[in-house]
Amino acid sequence: MSKSVITLNVGGIVYTTTKETLLKYPDSMLGCLLQHNLPSTRDSNGHLFIDRDGITFRHVLNFLRSSQLCLPSDFKDLDLLSAEADFYQISPLIESISYLRESSNIKGRTFYLEIVEVRTGSTATMPTCNSRVKTILLGRKDVLLTLPPAVVGSDFIKNERLICKDPQDHTEVELYGSPVRLRVGEELKNLGWTLISSDLSTSSGFDNKSQIGMSLIIEHTFRDRWSRVFEPDEPIRINPNHTVYLEEANA
């Protein structure tokens, strides 16, 4: 067993492995070097010396051991690894790097939702009944329909304010309940959505129709914007709890 152990000096970094590992791909440079006893350079300790990047050889050697390309999530030297794979002529490694490049170039799709809550009254910040609050959820119709009734309401068709035939059109759904904006926000957060902005605008005026004379009316508009990245191959599936309503609407 000891005869199969080989020590290599790659760019000043010493690695110890087995001959069987280096012969994993006989047509590679390392395979040809060991099979045919080609002339090679030795360091002062008699180890096989290869004048290449020593740090990157770690990933080359791991591929020889497992036939899998396992890189850290923050790996940034793919170009360098590609050059090393080409030098060592390890075809499966070259193909794995090419596949990884193609996969990383495919970006996910980002969708956005917006929750608009309007509070109107003389004490708009602390409404005393639901009639003084109107909440609207805006977004692409097919994306809204991926959400459960706890988010978009139990009767999507009835609550839809814009009648959109194309699922990819943007629509508005009126939400009911209190405090619906916070409840929907919690649901979206638990479903993987990210709050990207939240702002408040305020306006005021007088109600001339008030029975007690001129009455100051305050209107607060809260606007929350949410986003979520769908993976490239992630389908946009309608939540099964909405299917019955869509069937009734298309009947």
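The values are calculated or read from the model by the stated rules, or taken from the named source; none is laboratory data. All values reported here derive from a predicted model rather than from experimental measurement. So basically every Cβ, Gly included, is an ideal-geometry build from the backbone, and we count neighbours across all protein chains shown. Ligands, DNA and RNA are stripped out before the accessible areas are found, and what is left, the full protein with its side chains, is counted by its heavy atoms. Shrake-Rupley method; radii C 1.70, N 1.55, O 1.52, S 1.80 Å.
Summary of values
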item: Residue-wise HN-Hα coupling along the stretch 23-28, computed from phi with Karplus coefficients 6.51, -1.76, 1.60 (Hz; x: Gly, Pro); result: 8, 3, 10, x, 7, 6
item: Neighbour-limited loop hits for trypsin sites (Lys or Arg not before Pro), the stretch 72-175 (at most 12 other Cβ within 10 Å; DSSP other than H, G, I, E, B); result: Lys76, Lys107, Arg161, Lys165
item: Whole-percent carbon and sulfur share, accessible surface of the chain, 1.4 Å; result: 51 percent
item: Whole-Å semi-axes of the stretch 5-105's equivalent ellipsoid (Cα gyration tensor); result: 24, 15, 11
item: Surface accessible to a 1.4 Å probe, per residue, for the residues of the chain, Å²; result: 61 Å²
item: Counting DSSP beta bridges with both ends in the chain, the antiparallel % (nearest 5); result: 95 percent
item: Most to least accessible of Arg237, Arg223, Arg58 (protein chains only, probe 1.4 Å); result: Arg237, Arg58, Arg223
item: Filtered chymotrypsin sites (Phe, Trp or Tyr not before Pro), the stretch 149-233: DSSP coil and at most 15 other beta carbons within 10 Å; result: Tyr176
item: Helix-derived mean residue ellipticity, 222 nm - over the chain, DSSP H n ≥ 4, -39500 (n - 2.57), to 500; result: -8000 deg cm²/dmol
item: Segment Asp74-Cys32, extension gain: residue separation times 0.36 nm, minus the distance between their alpha carbons; result: 11.8 nm
item: Whole-Hz couplings from phi, Karplus 6.51/-1.76/1.60, listed for the stretch 169-174; x for Gly and Pro; result: 6, 8, 9, 10, 10, 7
item: C-alpha long axis of helix 57-66 to longest principal axis of the chain, angle in °; result: 90 degrees
item: Pairs beyond 29 Å (Cα-Cα), from Lys24/Lys107; Lys76/Lys189; Lys158/Lys189; Lys107/Lys134; result: Lys24/Lys107; Lys76/Lys189; Lys107/Lys134
item: Among Asp166, Asp27, Asp74, residue whose mean-square fluctuation peaks in a GNM of the chain (springs only between Cα atoms under 10 Å); result: Asp74
item: Value of D in µm² per second that Stokes-Einstein yields for the chain, Kirkwood Rh from Cα pairs, at 4 °C (1.567 mPa s); result: 54 µm²/s
item: Acute angle (nearest 10 degrees) that the helix 180-190 long axis makes with the longest principal axis of the chain, alpha-carbon atoms; result: 10 degrees
item: Angle between the chain longest axis and helix 91-105 axis [Cα atoms, degrees, rounded to 10]; result: 20 degrees
